[in-house]
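Chemist: Supplied in structure tokens, the structure appears directly below.
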Ligand SMILES: Nc1ncnc2c1ncn2[C@@H]1O[C@H](COP(=O)(O)OP(=O)(O)OP(=O)(O)O)[C@@H](O)[C@H]1O
Ligand SMILES: Nc1ncnc2c1ncn2[C@@H]1O[C@H](COP(=O)(O)OP(=O)(O)O)[C@@H](O)[C@H]1O
Ligand code: SF4
Ligand code: SF4
Ligand SMILES: [Mg+2]
Ligand SMILES: [Mg+2]
């Protein structure tokens, strides 16, 4: 950890709002704030895990970072180059550097193209290599992801889910990217196949020095693969820290609840797990609550939380959190920062973190 | 779990085949299990291992053709559900046997109000009049934790969140006080915090209502948290079955053993490298004459390709279908 690390990606106050239109004139009547001001860095060669519940903005964040959208505002720097405001033709030249692997390998492979064709497509688009050289490269990629070369002329439907995901990964690797957004790459796979794909991603990372943004709702798998982890809730990053730090000493009440909800494949541990059961559902991202966006479900909510949006701060070195409980300035100065929540605070208290 | 009690459901040698243009698919092969009063049986296995087809076969919910239940007995009390015909089954579904499926959106009818859909089985099976059914519907929605139940009766399914729709499904399944509740991946489509809510709910309802539950999932963690017994399926067969603590502590089948090792654990130290199960799940194109796991099994030997192993008892209520003995590391 002592080696100074190089930032490959720097994201600042990124927003991606989708307009909601209505009425005869299809005027904009509101916005889905899918990503609503997130900031983070990804260091070269590391894996940043992004976790959070369905609809919290993980995919949107990944796609926005790759500029698959015209972002609403914010800054995205890759290798020092600002791409947040870059036009499409300039972006095209950046594309080979940054790739994406998707959740559903079925949906993103053209069923009428052979495996070789699918993997070679980005090479053709970017005019890299020709004829024989290109086929060489396809074979090389198939080897790298553990696909049998003899299958090069088969069509995607002849492959299993895990193999299709390998095809998707080979295609993403074709242009020698440095940064890959993996959006739930194992969510559609069977438990017995997931480890195969995760180990492959780790092997490729070592081999090619790749940097990953690994999006997943599987906290156990993210604990395995990520170096640092960001927890998203309702379009925001509520907590970000080194993996072990986050899993051992979560600071944000949402992170605590999310982790406590994960079932453990061990009846002895399950019998002892203290679950924090959150009440209610995630609010709509088009109309997030005032103040802290978690205040409607937070077991530790205080008066001030409903009024003031907590600042995203570095509570400990490298450990960022957006919660008043971890803002000494607020906790010391705010007389109303006592318990007023529906649930008494000490009922689910963990490790005395928030004393 | 009362061991001596008569099972509420007794399934013997169930065999279900799909006849498709590409040939037969032997989805369920000689599956047997019993469900005792008040217990929760967890069924785990990867997709295509036959979990859903097994349960749909029991209550005659598979389209035929292509499905054909070729063999077996399914005793619910003294009735064989495979012999009572569609009319008999209709009287049982939703009354003696309630079910909840994975996707609450497709199993609730979008054009009827939630209230109508809860009241319908009450009126049909229990002969309640509208006022009584309505009162009971409100009670049921309250039971599953839907706030403001009275008012929400007139809402349509799309006006509820995923977690709430699953609660509604559970309310419908419980409406007629079934003896058996079959829940097929009821939380797979939900977020973990919502899953935790539903599991908490079912645990509470079990204590209150005492029905027997079959809970299908591919998540070993969910099984570990709620099941009394677990049945591990692979390739349309029961690979291993036993008390949940026993199976997790002393897994006997090479598939169960590998599965438990391959999943990363949140509350245990992180492993440097994940253990992999090589290969792919089997095709189910023919009646199996060999062990379906053999292509992926690290202990496979010559006999495994020749004979499909029968289930054999290895402990109290614990059995395994395998030619290899996990205690000696040798063939049996
Ligand atoms: N193109 C779009 N137009 C309008 N709203 C969108 C669009 N894409 C996403 N959203 C909304 O933005 C929010 C975040 O969506 P996103 O797909 O990023 O969530 P996610 O965290 O990836 O969820 P999941 O775990 O289900 O994949 C959701 O409310 C979603 O409905
Ligand atoms: N309607 C159908 N037609 C043909 N095959 C089917 C049909 N339904 C299920 N199958 C096959 O039966 C096998 C078992 O499926 P299923 O019970 O749904 O698995 P799971 O364990 O995932 O619930 C699979 O091979 C599946 O493809
Ligand atoms: S700021 Fe308040 S409501 Fe938000 S997470 Fe912290 S304690 Fe909970
Ligand atoms: S019967 Fe043979 S192939 Fe099958 S699980 Fe046992 S050892 Fe492995
Ligand atoms: Mg997504
Ligand atoms: Mg199923």
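Here, each number is a calculation from the coordinates, and none is a lab measurement. The structure displayed is predicted, hence computed values, not measured ones. We place every Cβ from the backbone using ideal geometry, glycine too, and count neighbours over all the protein chains shown.
Chemist: Taking Cα atoms, how many degrees apart are the long axis of helix B:162-174 and the longest axis of chain B, rounded to 10 and kept between 0 and 90?
Modeler: 80 degrees
Chemist: Let me confirm one metric for peptide B:186-194, namely the mean number of other chain beta-carbon atoms within 10 Å of its residues' beta-carbons. Don't skip to the end; give the middle numbers.
Modeler: Working: counts 0, 1, 0, 1, 2, 11, 13, 16, 7.
For this peptide, the per-residue mean of nearby foreign Cβ atoms is 6.
Chemist: In addition: Can you check how the C-alpha radius of gyration of segment B:46-203 compares to 2.2 N^0.38 Å, as a plain ratio? Don't jump to the answer; show the numbers that get you there.
Modeler: Values: Rg = 16.1 Å, N = 158, 2.2 N^0.38 = 15.1 Å.
Cα Rg divided by the expected 2.2 N^0.38 Å: 1.07.
Chemist: Report, for chain B, the % of DSSP beta bridges that are antiparallel, rounded to 5. Can you show the working numbers first?
Modeler: Details: 32 of 51 bridges.
Given both bridge residues lie in chain B, the antiparallel proportion sits at roughly 65 percent.
Chemist: Determine the shape class of segment B:202-324: with a ≥ b ≥ c the square roots of the Cα gyration tensor eigenvalues, call it rounded for a/c under 1.5, and otherwise prolate if a/b is greater than b/c, oblate otherwise. Don't skip to the end; give the middle numbers.
Modeler: Details: a/c = 2.00, a/b = 1.36, b/c = 1.46.
Oblate, because a/c is 1.5 or more while a/b does not exceed b/c.
Chemist: Separate question: With axes computed from alpha carbons, what is the tilt in degrees of helix A:191-208 against the longest principal axis of chain A, rounded to the nearest 10 within 0 to 90?
Modeler: The answer is roughly 70 degrees.
Chemist: Please compute the alpha carbon radius of gyration of segment A:163-259, then divide it by the globular-protein estimate 2.2 N^0.38 Å. Two decimals is fine. Mind showing how you got there, number by number?
Modeler: On the way: Rg = 14.3 Å, N = 97, 2.2 N^0.38 = 12.5 Å.
My calculation over the Cα atoms of segment A:163-259 gives 1.14.
Chemist: I've got another one for you. How large is the Kirkwood hydrodynamic radius of the protein assembly as shown, counting all unique pairs of alpha carbons, in Å?
Modeler: Value: 27.4 Å, from the Cα pair sum.
Chemist: Distance in nm between label sites at residue B:200 and residue B:228, each 7 Å beyond Cα in the beta-carbon direction?
Modeler: 2.4 nm
Chemist: Given the -39500 (n - 2.57) contribution per DSSP H run of 4+ residues, what per-residue ellipticity at 222 nm results for chain B, rounded to the nearest 500 deg cm²/dmol? If you can, show how the numbers build up before the last one.
Modeler: Working: 12 runs with 109 residues, N = 332.
Calculated from helices alone, the mean residue ellipticity at 222 nm is -9500 deg cm²/dmol.
Chemist: When the helices in chain A are scored as -39500 (n - 2.57) per DSSP H run of 4 or longer and the sum is shared across all residues, what 222 nm value do you end up with, to the nearest 500 deg cm²/dmol? Show your work: numbers first, answer last.
Modeler: Numbers: 11 runs with 103 residues, N = 355.
-8500 deg cm²/dmol, from helical runs alone.
Chemist: A further question on this structure: Mean-square fluctuation check for chain A, GNM, Cα pairs under 10 Å: which of A:327, A:183, A:266 is largest?
Modeler: Comparing A:327, A:183, A:266 in a Gaussian network model of chain A, the most mobile one is A:266.
Chemist: Could I ask something else about it? Mark the label point 7 Å from the Cα of residue A:79 along Cα→Cβ and return the residues of segment A:6-26 whose backbone N is within less than 17 Å of it.
Modeler: Backbone N within reach: A:6-11.
Chemist: Take the alpha carbon atoms of segment A:183-338, find their radius of gyration, then divide it by 2.2 N^0.38 Å using N residues; give the quotient. Walk me through the numbers before you get to the answer.
Modeler: Details: Rg = 17.6 Å, N = 156, 2.2 N^0.38 = 15.0 Å.
Normalised by 2.2 N^0.38 Å, the Cα Rg of segment A:183-338 equals 1.17.
Chemist: Grab the beta carbon distance between residue B:61 and residue B:150, set R0 = 35 Å, and tell me the FRET efficiency rounded to 0.05.
Modeler: 0.65
Chemist: Using DSSP, restrict attention to beta bridges with both residues in chain A and report what percent are antiparallel, rounded to the nearest 5. Mind dumping the intermediate values first?
Modeler: On the way: 32 of 49 bridges.
So the antiparallel bridges in chain A amount to around 65 percent.
Chemist: Using Cα atoms only, what is the angle between the long axis of helix B:130-143 and the major principal axis of chain B, expressed in degrees (0 to 90) to the nearest 10?
Modeler: 50 degrees
Chemist: Another one. What residue among B:280, B:237, B:159 shows peak mean-square fluctuation when chain B is described by a Gaussian network model with Cα springs under 10 Å?
Modeler: Evaluated over chain B, the most mobile residue of the options is B:280.
Chemist: To check you understand DSSP bridge types, tell me what percent of the beta bridges within the protein assembly as shown (both residues inside) are antiparallel, rounded to 5. Mind showing how you got there, number by number?
Modeler: Working: 64 of 100 bridges.
Here the share of antiparallel DSSP bridges comes out near 65 percent.
Chemist: How fast does segment B:27-116 diffuse by Stokes-Einstein, in µm²/s, taking the Kirkwood radius from C-alpha pairs at 37 °C and 0.692 mPa s? Intermediate results must be reported in sequence, preceding the final value.
Modeler: On the way: Rh = 15.0 Å.
Translational D for this selection: 219 µm²/s.
Chemist: Could I ask something else about it? Can you give me the pair-distance distribution of chain B, C-alpha pairs, 10 Å bins, whole percents?
Modeler: In whole percents, the pair-distance histogram is 5, 24, 32, 24, 11, 3, 0.
Chemist: Here's a follow-up. With springs only between Cα atoms under 10 Å apart, run a GNM on chain A and tell me which of A:108, A:292, A:61 wobbles the most.
Modeler: The residue that fluctuates most here is A:108.
Chemist: Quick one: the Cα spread of segment B:273-319 along its three principal axes, in angstroms, biggest first?
Modeler: 34, 33, 20
Chemist: When a/c reaches 1.5 or more, the comparison of a/b and b/c decides; with that in mind, is segment A:66-151 rounded, prolate or oblate per its Cα gyration tensor?
Modeler: Working: a/c = 2.49, a/b = 1.87, b/c = 1.33.
Verdict is prolate for segment A:66-151.
Chemist: Report the convex hull volume per residue for chain A, counting only C-alpha atoms, in Å³.
Modeler: Working: hull volume 61.4 nm³, N = 355.
Dividing the Cα hull volume of chain A by its residues yields 173 Å³.
Chemist: Next up: What does the convex hull of the alpha-carbon atoms of segment A:102-175 project to on average, in nm²? Write down the numbers at each step before the final one.
Modeler: Numbers: hull surface 17.4 nm².
For segment A:102-175, averaging the hull's shadow over all directions gives 4.4 nm².
Chemist: Return P(r) of segment B:17-71 (all Cα-Cα pairs; 10 Å bins starting at 0; whole %; ordered from short to long distances).
Modeler: With 10 Å bins starting at 0, P(r) equals 20, 52, 23, 5, 0.
Chemist: Still on this structure, please answer the following. For segment A:1-135, just the Cα set please: Rg and Dmax, both in angstrom.
Modeler: Answer for segment A:1-135, Rg first and Dmax second: 18.1, 60 Å.
Chemist: Using every Cα-Cα pair within segment A:156-202, state what percent have a distance larger than 16 Å. List each step's numbers first, then the result.
Modeler: Working: 391 of 1081 pairs.
When every Cα pair of segment A:156-202 is considered, 36 percent fall beyond 16 Å.
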